[in-house]
Amino acid sequence: MTLVKAEIYVVEVSDMSEYLGAVIKKYREKKGKGYSQQWLANVCELSLSHVSKIEQGICDPSVKTLAKISKALDKPLWKLIKEAEQLMAKEGE
């Protein structure tokens, strides 16, 4: 049997949205030659408006939507969330 130590973070989802959006935008722009929001919307079967709101931190995307985005960006979902938490912590210092 393998024991896994997990850290639990409690954050307000609305606070996290801004940072998560910034991370998603960063990786979208890094991928290849900088893909557009329209590309991400098409690949994830989302509206352009929804992708824009996610990147601006205006809305809280569902886990299903985040899973689609992480797959499109070739980044594990945990990595997107972890990086958003780190940005949030850095700004809180």
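Every read-out reported here was derived from the displayed coordinates using simple, explicitly stated rules and does not represent laboratory data. The shown structure was predicted, so the numbers you read here are calculated from the model rather than taken from an experiment. Note that we place each Cβ from the backbone using ideal geometry, even for glycine, and neighbour counts take in every protein chain shown.
Remarks
- Packing-based ranking, highest mean first, of 47-58, 80-91 given that Cβ atoms within 10 Å are counted: 47-58, 80-91
- Ranked packing of 15-25, 66-76, most packed first, by mean Cβ within 10 Å: 15-25, 66-76
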